[in-house]
Structure formats: C-alpha cells, structure tokens
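Take a look at the structure below.
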Amino acid sequence: MAIRPGIELASLSDIGCQRENNEDSYSYWEAPSEEQYQRKGRLAIVADGMGGYEGGQEASRLAVKVVEELYASAPNGPLSALLAGFQAAHARIQEHANEHPDLHGMGTTCTAAALIGDQLYFTHVGDSRLYMVRGTTISRLTQDHSYVSRLVEHGVISSEEAESHPQRHILTSALGAGTEITPDYSESPIGLQKGDVLVLCTDGLWGLVSEDEVQGIVSQNNPADACRELVRVAKERGGPDNITVQILRMS
C-alpha cells in the first residue's frame, strides 16, 4: 500500500523468546479514494489474542479484520465507526468460539487509532497501549483494562508498583470475553503536531520497556529503527511474550 505524505510509518511483530506462535496481530489502512480519505483518513490497529495456540491467534486476527472493515465501510464519523467496529468484532469472536467449541475462551485486546489530518481518535479494550511522544515527554492515552489497573484506581498500589506487579496481565475486559464490552475512547479528537509520534504496542513490549525508554528510543530513531530497537530490548530482557509495535510519526 502506498502511504500518503504526512506520516512516517513502521510496524514490527516478533514471536519473542519463549512462545511457540504469535498471537498478536496488527494492520494499517488508508482510505483508497481522496473523497473517502478526507472523511476516514488512516487507521492503525494492534491486538493481542488469548485463548490458547489457535484461539488467541484467531481472535486477534478477527478483531483487526472486522474493525478495519467496519471502519472503512461505515457511513458515520470516525469515532462512531470505531465503536461499531469494536462491537462487531466482539460479536464475531464470540460467534467463532461458539462454532468451534475447542476455541472456547478465545478473546483479544484491541487498540485502534484513526488519524483524520492532524486529528487523532482512538478506541481501546484490554491492555495493549497507545502512547503519544511529543519532544521529551510521553503520554499514555489508553488505560489498561486489568485487575492491577483497578488496584491503582482505588489507591491500593501506585502506578509504579503496577508496572511490575505479578498480576498485571490479568484482564478485566477483552473483545470476545463476557456479555458486553465498554470500550474506552477519546470523546474529542486530540490535535497532533509535526514531530509527534504515536506508538501502539502489546504488553510484550511495555511489560519490559519503560515509558521513558520508549520515549528515548522513538525520539532518537526513525520509526523503522525504533521498532527494531524496542523489540531488541524486550527480547534482551527475556521476551516471554509476543512483541508487537506500530509507530506513526507526524511529518
């Protein structure tokens, strides 16, 4: 796919050091026509599946596919299209599990970022993350849907303690899990500036590489080199999980 001017893009997904298969999925989409591009812009998605060898892989693949297709085809605005895509993906994963009883319990995180010009919209379920790096600062735009995140919210532990808590990967929400989902989303678009960097990643990365390290690596490298360096650092520290990162730099 030819990428229109306005961003630099790079993506990388690695099986890690201890897993036998990669249950992460990601995609990047741009509206094909200029008319649609003015309304839909660009879409980046990262998903981290769970539910065993086949279940997790299939759940993340379905999530990325359905969210992208619904976003591309929905006649309404970007946020409504993202939310519709998440609900459709949730239902589709559950249908697939019902059709294949051996995949019972399959589910996935999903983080999707839509860019219309310099306006960012995002929708999120689970504990994959979306960061924004601006100069020497990094902001986490998503909140983990996890047991440990709830402990932080209620003041039981600090956010610093949460980053290394042994139960930090226990999710409280995922596509395909439970009766209903309530995605987080940006109610208003976030204005981006030239040089801003968006980083979408799974917990295989953020669980081993600190936010300050992410900021430093993406600030000092082009997106492709930054992806490689981030994955290298995570694997150097053991890489127990799949590692996926997608980087968009506003140019």
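Full-extension gain between Glu236 and Glu99, please, as 0.36 nm times their residue separation minus the C-alpha to C-alpha distance. Could the numbers behind the result be given before it?
Details: separation 137, 0.36 × 137 = 49.32 nm, distance 3.97 nm.
Separation in residues times 0.36 nm, less the Cα-Cα distance, equals 45.3 nm.
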(Q) Using only the alpha carbons of segment 200-245, what is the convex hull's orientation-averaged projected area in square nanometres? (A) 2.7 nm²
Q | Relative contact order (percent, whole number), segment 7-250, Cα cutoff 8 Å, 6+ residue spacing | A | 27 percent
Q: Add +1 for every Lys or Arg and -1 for every Asp or Glu among the other residues with Cβ under 11 Å from the Cβ of Gly77, and state the total.
A: +2
Q. Of Gly216, Gly191, Gly207, which has the largest mean-square fluctuation in a 10 Å C-alpha GNM of the chain?
A. Gly191
Q. Longest span of the chain, sites excluded, free of trypsin sites (Lys or Arg not before Pro) in DSSP loop with at most 16 other C-beta atoms within 10 Å?
A. 1-193
Q. Using all Cα-Cα distances in segment 161-251, what percent lands in each 5 angstrom bin from 0 up to the longest?
A. 2, 11, 19, 19, 18, 16, 10, 3, 0
Q | Over segment 1-55, volume per residue of the alpha carbon convex hull, in Å³ | A | 107 Å³
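For every other residue with a beta carbon closer than 12 angstrom to the beta carbon of Asp196, add +1 if it is Lys or Arg and -1 if Asp or Glu, then tell me the sum.
Here the charged neighbours net out to +1.
FYI, it's all coordinate maths here, none of it is from the lab. Everything numeric in this text was worked out from a predicted model, so none of it was measured. Cβ sites come from the backbone with ideal geometry, for glycine too, and all protein chains shown count toward neighbours.
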